[in-house]
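The values are calculated or read from the model by the stated rules, or taken from the named source; none is laboratory data. Predicted model only: the values in this text are computed from it and were never measured. Ideal geometry is used to build each Cβ from the backbone, glycine not excepted, and the neighbour counts take in all protein chains shown. The area values use the complete protein model at the heavy-atom level, side chains included, leaving out ligands, DNA and RNA. Shrake-Rupley method; radii C 1.70, N 1.55, O 1.52, S 1.80 Å.
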Amino acid sequence: MIERRGLLVGAAVGLVSTAALAQDDRAKLRDTLLELEIASWQFTKDKNVAAMNGFLADDAVLIFYDGTRYTKAEFVKFDFDLSSFTVDRASAELLIATPDVAILLYRVTYATGTKGGKPETATVSAADTYVRRGGKWLSLLYQETRLK
């Protein structure tokens, strides 16, 4: 009986260590994807087509709070101007669907101007679904909901 208790305690300690490691890995993945996300905002502001092509999956879809929907090919044409953005790092959360699919949730405030339109500032709750393909995390589905 004592040996079984020892095994159970040892197993429980192993599970706690594995859970702690998983939390560390989860936090690292959240931080990695958040840095990719912030970089993508800068790529957009800079109209850096090459960088955005490397960030977005070929089958990517982006849906903005006003219902505007872009494919990768449409989005990298950059038919709007991003004048500024501020990502709320503290709001970042990560959902892991599978080892190769993760969803980054966060808040961002940004200012844009569209061709022929007036500049507008929006604060949104954003969700970006990432897929790992060929060992690289790519943005597959970006969508946002306006908060104010």
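Structure notes:
- Just so you know, in the range 74-97 the residues that are in contact with a helix residue (DSSP H, G or I) (Cβ under 6 Å, 6 or more places away or on another chain) and not aromatic (F, W, Y) include one that is nearest to L29 (Cα to Cα), and it is L94.
- Those residues of the range 113-124 which are under 22 Å from T71 (Cα atoms) and open to solvent by less than 80 Å² (accessible area, probe 1.4 Å), in sequence order: G113, T114, G117, A122, V124
- Of the residues making up the range 130-147, those that are in a strand (DSSP E or B) and surrounded by fewer than 16 Cβ atoms within 10 Å (Cβ to Cβ) are R132, R133, K136, T145, R146.
- Any chance A127 is free of Cβ contacts under 8 Å to residues at least 12 places away in the same chain and either among the hydrophobic types (A, V, I, L, M, F, W, C) or open to solvent by 70 Å² or more (accessible area, probe 1.4 Å) (or both): no
- The set of residues from the range 65-76 being open to solvent by less than 30 Å² (accessible area, probe 1.4 Å) and in contact (Cβ under 8 Å) with a residue 24 or more places away in the chain comprises just one member, V76.
- Test: residue in the range 36-55 that is in contact (Cβ under 8 Å) with a residue 40 or more places away in the chain, small (G, A, S) and not in a strand (DSSP E or B): yes
- Enumeration of residues in the range 89-112 that are outside any loop (DSSP other than H, G, I, E, B), open to solvent by 20 Å² or more (accessible area, probe 1.4 Å) and either among the small types (G, A, S) or within 21 Å of W137 (Cα to Cα) (or both): R89, A90, E93, L95, I96, A97, T98, V101, I103, L105, R107
- Residues located in the range 77-93, provided they are more than 20 Å from E120 (Cα to Cα), out of contact with any strand residue (DSSP E or B) (no Cβ under 6 Å at 6 or more places or on another chain) and touching a residue at least 12 places away in the same chain (Cβ under 8 Å): R89
- Any chance T86 is polar (S, T, N, Q), open to solvent by 50 Å² or more (accessible area, probe 1.4 Å), in a strand (DSSP E or B) and within 30 Å of Q23 (Cβ to Cβ): yes
- When the range 121-142 is filtered for residues that are under 10 Å from the mean Cα position of the chain (by Cα) and of a type in the set (S, T, N, Q), the ones remaining, listed by number, are T129, S139.
- Residues that are open to solvent by 20 Å² or more (accessible area, probe 1.4 Å) and either under 17 Å from Y130 (Cα atoms) or of a type in the set (A, V, I, L, M, F, W, C) (or both), drawn from the range 42-64: F43, V49, A50, A51, N53, G54, D58, D59, V61, I63, F64
- Per-region count, the range 73-85, residues in contact with a Ser or Thr (Cβ under 9 Å, 6 or more places away or on another chain), under 17 Å from L36 (Cβ atoms) and not aromatic (F, W, Y): 1
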